[in-house]
Every structure is written in C-alpha cells, then in structure tokens.
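The values are calculated or read from the model by the stated rules, or taken from the named source; none is laboratory data. Keep in mind that this is a model prediction, so the values were computed, not measured. Cβ coordinates were reconstructed from backbone atoms using ideal geometry, including for glycine residues, and neighbour counts include every protein chain displayed.
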Amino acid sequence: MKYFSGLLFLALIVQSCSQEESPQVSPSSELSQSQEVIPQTQINELIFKSLQETGDFKWEEQSDLLIWSAMMHADSILTIGYKPSMESQPNSRIGLEKVTDPQWQAAAQKIVQTIEETLDRNQSPKYRLADENALIHPDLPFLEVKFTDLSMIQTLRSMGEVRYIEPRSYEFDYALLQEADPDARILSDAGCENSPGNVPSSDFTLISPSAKSSWNYEDMGIDQAWAQSTGAGITVGVIDTGLSPDQPMLNGLFNSGESSGRQVLRFGTHKTGWWFWKRYDGPDDQCGHGTAMSGVIASPRNTVGNAVGVAYNSNLISVRGTSDVIVNSGNEKDGVAEALVLLGNRSDVRIISMSIGDVFSNSKVADAVRYAYNRGKLIFAAAGTSTSFTNWVGVIFPANMPETVAVTGVKEGSGYQRCDTCHSGSQVEFTVVMERSGSNNKPLTTANFGNDPATVGGSSVATATTSGIAALVWSKNPNWTRNQVLQRMRESSDLFPNKSSQYGYGNLNAAAAVSGVY
C-alpha cells in the first residue's frame with residue numbers, strides 16, 4: 001500500500017460524529033441465502049456516491065446484503081457493538097462502566113448464544129472466533145465473529161442488545177477518488193518521507209545550549225512560554241506509526257542538555273498477518289510520521305543542534321497503532337483502538353495526540369475514543385490534510401467527534417488562510433501557524449535518523465504542536481482538570497470569545513495560555 005502524507009485523503013470526508021446516540025440499527029427485508037455477493041466495484045461506487053452527496057458513509061444505513069457482501073470481500077468478520085437492552089445512552093457510558101459488569105456481559109452472551117442458535121438452525125458452518133483470545137473485547141463493548149451466513153445480519157439487527165454492526169476489514173478503493181479528479185495531486189507534506197533536510201538558517205533560531213527552535217514558535221508564543229513552563233511532569237501519548245530506533249533524540253539522548261528527569265516509552269499495538277496468525281509488529285516506526293510528531297512534541301533541548309520540541313521536558317509515550325496515517329485496514333483500526341485503551345488505562349497519561357484518521361468513521365475506533373475520553377484524557381486530533389482540490393470537504397474522523405479537539409494549520413501572516421493542504425470546518429477548535437508566507441516552508445522536527453532536523457507540514461504538525469502547548473499549560477497548573485486546561489487555551493487564543501465557522505478560536509498563544517495574561 002502506498003504511504004501517503006500526514007492525513008492525505010483524496011476523498012470527501014465524513015461529517016460530524018457526535019456523542020449523541022446512533023440510531024438503533026433496524027432489520028431490512030427478508031433475505032435468501034441464494035443472494036449473490038455484490039461486486040466490490042459496486043460497493044466502492046456506492047460508498048463514493050454517498051461521500052459525494054452527503055460527505056459521509058454509514059454502515060448502519062446500508063442493506064443487510066451490502067454489509068454481508070463487504071464481509072465476504074474482506075475476512076468474513078463482523079464487528080458487533082453491544083449494550084444492555086434497556087440502556088438508552090450506552091455510548092456515554094463507555095469507559096465509565098466495565099464491560100465485565102453483569103448487565104454488559106449478559107448482553108454480549110445473549111448475542112453469542114443467538115449466533116450459535118441461528119447457525120445451528122440454518123445448518124450453517126459453525127462460527128469461529130475472530131481472534132483466538134478476543135471474541136469479546138476485554139475493555140470495549142464489542143465482539144467479533146467470523147461467519148458466512150447472510151441471514152445472521154438480519155437476526156443481529158433485530159436485537160435490542162446490538163448497537164451497531166460493521167464489516168471489520170473492508171477497505172474503500174481510494175483510486176476512485178483519483179479517477180474522479182484526474183488533476184488532483186498527491187502531495188507529500190507530512191508522510192513517510194522523513195529524512196534530514198537542508199533547512200534554511202532563516203527558518204530557525206539557535207537557542208541555548210545549541211538547539212534549533214522552529215520559525216513558527218515565535219508566532220505561537222512558545223519560546224516566551226518556556227520561561228514559565230517546559231512541560232515537566234506531564235505525559236503525552238502519541239498514537240501514530242511508532243518511533244524510529246535510529247533517532248537518538250527520542251532514544252538515548254532523550255534526557256540530555258536542558259531536558260532531564262523524564263522518560264520515553266515505546267509500545268506497539270499494530271499487528272500484521274491474518275486471523276490466528278496475526279502478530280504484533282513492534283513499536284518501531286517504519287514510516288517516519290510518528291517520529292516526526294513525537295519530535296515536535298518532546299524532542300530534547302541539547303547541544304546536538306537538532307530541532308527542539310514544544311514541551312521539551314515532558315514525558316513521551318509512543319504507540320505504534322497504525323502502519324501509515326490512513327487508518328483504513330482492519331489491523332489498523334484494531335491497533336488504534338487498542339492504543340487508545342492502553343493510554344486510557346494509564347494514570348500518568350494526560351494528553352493523547354492523534355495526527356491520523358480515515359475517510360469515514362469507524363464505530364470500533366469511536367468506542368475507543370470515548371473510552372479514553374471518559375477516563376479523563378485530553379485528545380487532540382488532526383482536522384485533515386489532503387490535496388488542495390479536496391481539502392474543502394471538512395473535518396475528518398476522529399477529529400469530528402465531540403470527544404476530540406480538532407486542530408488545523410494556517411499560513412503565516414495577518415488574517416486566516418489555511419495551509420495549502422489543510423482541512424477546516426465547524427468542528428475545528430484551534431489553529432497553528434505552520435506554513436511560511438512566500439516560501440511555504442514548514443516547521444522543524446526530528447528526522448528518522450541523524451542529528452539534523454527535518455520539516456513537517458499539514459494539520460498533523462498543527463496537532464502535535466497543540467499537544468505540546470497543552471503540556472506546557474498543564475505543567476504550570478498540575479492540579480487542573482482537562483476542562484480547565486482546555487478553557488485556558490481557548491481564552492488565550494486569538495479569536496476568543498468569538499468562534500470562527502472554519503478556524504475555531506484561531507491561533508494559539510502559548511505564552512498567554514501559560515501565564516494567564518492575555
């Protein structure tokens with residue numbers, strides 16, 4: 001699969017996914033096992049048509065035959081979200097109530113029993129566990145089952161215990177979007193190419209002891225904020241493509257120079273392979289995007305001469321949840337969901353940074369976002385980065401969820417003009433200056449390897465920068481709640497108390513947010 005840039009989507013993007021409860025899935029017409037599988041080309045065309053007409057595609061609105069056909073074109077595994085039958089607002093309870101509680105377990109077991117009885121009655125092949133050790137997820141209210149019986153879709157949709165059903169691994173063909181606009185260009189703002197570059201001296205300031213401060217830090221008041229806070233004591237979790245073992249700034253030199261007394265941890269929740277043979281593929285960044293985002297947040301301030309992070313004394317936890325920035329495969333959705341649970345369960349993590357997303361929403365990942373949010377995490381997500389032709393479509397998933405804080409990038413200068421490849425929309429909360437006027441140069445970050453900085457663009461770097469600013473604010477006010485930190489960031493932003501329909505509260509001011517003087 002070709003690796004695209006940070007949130008590079010040639011697509012019409014899903015509209016807002018709200019915390020309001022999704023409509024109960026409903027059964028469709030009677031089905032016959034003799035029905036033929038809808039060709040994959042037709043499914044892709046239906047998805048594309050929906051994206052064109054509504055900016056969204058929802059599995060819950062599709063026919064039983066379409067969902068079943070999508071399963072057959074993938075791994076035949078269905079993701080089933082469950083709830084106690086009498087629970088009217090189950091989404092709001094995810095992360096607050098354990099799925100091991102009797103009511104939730106009873107709902108899951110009833111679904112399993114119904115599946116067994118239906119398949120036995122239809123003399124269908126016995127269902128199999130989607131994963132040998134995780135038929136029912138231990139933390140999130142969903143289960144996954146592998147079967148080929150079409151009538152099972154209708155049976156499940158009639159149950160009060162079912163919140164949603166979705167094909168686990170169906171992947172939309174992005175080539176359709178390229179064909180629809182032959183002039184659309186694939187750009188490389190912030191993707192898997194993350195090598196050291198020849199950064200002009202005018203794009204950074206050399207600061208003590210010999211670190212490079214990115215040109216946009218002055219625009220955002222970050223360099224002034226350092227006199228009061230450097231992020232000490234705050235842990236930021238980054239869900240992305242991992243951390244390069246070849247970048248010393250995020251490994252052995254993490255504590256060096258003026259950065260000390262902190263830790264960097266690396267985890268991997270992404271798996272490769274299929275079904276029983278899936279295996280975790282480790283925490284190492286095989287793309288470069290995750291290393292770039294982690295560098296923006298927490299790269300140390302030392303004598304090496306590399307880029308310094310916004311919160312250069314914060315702790316960092318990197319989780320490789322996806323292989324690239326588009327979370328579209330079944331394994332990537334699993335990996336991101338597991339990463340959110342991992343960070344949600346850690347009491348030391350206060351901030352989660354997600355510069356990743358997909359063309360339309362996924363209920364499993366949405367469940368995991370709610371889980372982390374309900375456990376007190378402040379979650380920043382990128383509004384989206386794509387070609388200049390398609391970036392008008394709005395804020396992508398999961399940045400369009402109310403549980404996340406959507407961030408996008410704008411150009412340097414007066415007024416508000418989004419970066420050439422950035423998305424904007426009503427769900428955007430903050431903007432970050434990340435594209436120079438005239439040259440269009442991007443901010444500095446750490447490369448995959450070496451002691452020279454790279455550059456990175458798009459709403460990805462805007463999100464990482466915002467996560468670092470939040471760490472500065474929270475470090476100065478360690479007893480504050482998530483809402484207090486977020487409100488201070490709002491109040492100190494450029495447009496507050498007004499909110500733009502495209503740019504939220506506008507550019508952040510780190511110095512004002514930390515000091516409380518604005």
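From the set of residues in segment 208-236 that are polar (S, T, N, Q) and either outside the structural domain of V473 (by TED's automatic domain parsing) or part of a helix (DSSP H, G or I) (or both), which is farthest from N451 (Cα to Cα)? Quick ask: steps written out before the conclusion?
To start, the set of residues in segment 208-236 that are polar (S, T, N, Q) comprises 208, 210, 213-214, 216, 224, 228-230, 235.
Add one more test, that the residue is either outside the structural domain of V473 (by TED's automatic domain parsing) or part of a helix (DSSP H, G or I) (or both), and what stays is 216, 224.
Values: N216: 20, Q224: 25 Å.
For segment 208-236, the residue satisfying everything is Q224.
Take the residues of segment 226-282 that are within 27 Å of R168 (Cα to Cα) and more than 25 Å from the chain's Cα centre (by Cα): which is modelled with the highest pLDDT?
Step by step, filter segment 226-282, then rank; the result is W277.
Take the residues in segment 464-513 that are aromatic (F, W, Y) and touching a helix residue (DSSP H, G or I) at 6+ places or on another chain (Cβ under 9 Å), then tell me which one is farthest from S214 (Cα to Cα). Write out each step before concluding.
Quick first cut of segment 464-513, residues aromatic (F, W, Y) only: 474, 480, 496, 503, 505.
From the residues that got through so far, the ones that are touching a helix residue (DSSP H, G or I) at 6+ places or on another chain (Cβ under 9 Å) too are 474, 480, 496, 505.
On the way: W474: 22, W480: 29, F496: 26, Y505: 23 Å.
The residue in question is W480.
List the residue pairs whose Cβ atoms are under 6 Å apart, where the first residue sits in segment 280-309 and is without any contact (Cβ under 8 Å) to a residue 60 or more places away in the chain, the second is among the acidic types (D, E), and the two are 6 or more positions apart or on different chains.
Short answer, once both residue conditions are applied: G290/D240.
Does L66 count as free of Cβ contacts under 8 Å to residues at least 40 places away in the same chain and in contact with a Lys or Arg (Cβ under 8 Å, 6 or more places away or on another chain)?
No.
Condition first: surrounded by 20 or more Cβ atoms within 10 Å (Cβ to Cβ), modelled with pLDDT of 95 or more and either among the hydroxyl-bearing types (S, T, Y) or at positive phi (or both). Can you find one or more residues in segment 204-211 that meet it?
Scanning segment 204-211 turns up no residue that is surrounded by 20 or more Cβ atoms within 10 Å (Cβ to Cβ), modelled with pLDDT of 95 or more and either among the hydroxyl-bearing types (S, T, Y) or at positive phi (or both).
Out of Q113, Q105, Q109, I need the residue that is surrounded by 14 or more Cβ atoms within 10 Å (Cβ to Cβ), part of a helix (DSSP H, G or I) and over 29 Å from the mean Cα position of the chain (by Cα). Which one?
Details: Q113 fails: surrounded by 14 or more Cβ atoms within 10 Å (Cβ to Cβ); Q105 fails: over 29 Å from the mean Cα position of the chain (by Cα).
That would be Q109, the only listed residue that is surrounded by 14 or more Cβ atoms within 10 Å (Cβ to Cβ), part of a helix (DSSP H, G or I) and over 29 Å from the mean Cα position of the chain (by Cα).
Quick one: which residue in G295, G305, G290, G282 is in contact with an Asp or Glu (Cβ under 7 Å, 6 or more places away or on another chain) and either surrounded by fewer than 24 Cβ atoms within 10 Å (Cβ to Cβ) or in a helix (DSSP H, G or I) (or both)? Working first, answer last.
On the way: G295 fails: in contact with an Asp or Glu (Cβ under 7 Å, 6 or more places away or on another chain); G305 fails: in contact with an Asp or Glu (Cβ under 7 Å, 6 or more places away or on another chain); G282 fails: in contact with an Asp or Glu (Cβ under 7 Å, 6 or more places away or on another chain).
Checking each option against the conditions leaves just G290.
Kindly evaluate D334 against the criterion of being under 13 Å from the mean Cα position of the chain (by Cα), assigned to a loop (DSSP other than H, G, I, E, B), crowded, with 24+ Cβ neighbours inside 10 Å and in contact (Cβ under 8 Å) with a residue 12 or more places away in the chain.
Values: under 13 Å from the mean Cα position of the chain (by Cα): yes; assigned to a loop (DSSP other than H, G, I, E, B): no; crowded, with 24+ Cβ neighbours inside 10 Å: yes; in contact (Cβ under 8 Å) with a residue 12 or more places away in the chain: yes.
Taking the combined requirement at face value, the residue does not satisfy it.
What number of residues in segment 263-279 are of a type in the set (S, T, N, Q) and without any contact (Cβ under 8 Å) to a residue 60 or more places away in the chain? Please lay out each step first, then the result.
Of all residues in segment 263-279, those of a type in the set (S, T, N, Q) come to 263, 269, 272.
Now restrict to residues that are without any contact (Cβ under 8 Å) to a residue 60 or more places away in the chain: 263, 272.
Qualifying residue count for the region: 2.
Under 8 Å between Cβ atoms, which residue pairs at least 6 apart in sequence (or on different chains) link something in segment 160-171 that is within 17 Å of K146 (Cβ to Cβ) and of a type in the set (K, R) with a partner that is assigned to a loop (DSSP other than H, G, I, E, B) and at pLDDT below 95?
Qualifying pairs under 8 Å: R168/A74; R168/D75; R168/A130.
So is T431 in contact with a helix residue (DSSP H, G or I) (Cβ under 6 Å, 6 or more places away or on another chain), among the hydroxyl-bearing types (S, T, Y) and in a strand (DSSP E or B) or not?
Values: in contact with a helix residue (DSSP H, G or I) (Cβ under 6 Å, 6 or more places away or on another chain): no; among the hydroxyl-bearing types (S, T, Y): yes; in a strand (DSSP E or B): yes.
Spelling it out, it is not the case that T431 is in contact with a helix residue (DSSP H, G or I) (Cβ under 6 Å, 6 or more places away or on another chain), among the hydroxyl-bearing types (S, T, Y) and in a strand (DSSP E or B).
Among the listed residues S214, S244, S260, S229, which satisfies the condition of being free of Cβ contacts under 8 Å to residues at least 60 places away in the same chain and either polar (S, T, N, Q) or touching an Asp or Glu at 6+ places or on another chain (Cβ under 8 Å) (or both)?
On the way: S214 fails: free of Cβ contacts under 8 Å to residues at least 60 places away in the same chain; S244 fails: free of Cβ contacts under 8 Å to residues at least 60 places away in the same chain; S229 fails: free of Cβ contacts under 8 Å to residues at least 60 places away in the same chain.
Residue meeting the stated conditions: S260.
Select from segment 445-466 the residues that are at negative phi and part of a loop (DSSP other than H, G, I, E, B) and list them in ascending order. Can you show your working first?
Within segment 445-466, the first condition is being at negative phi, and the residues that meet it are 445-449, 451-457, 459-466.
Scanning segment 445-466 gives A447, N448, F449, N451, D452, V456, G457.
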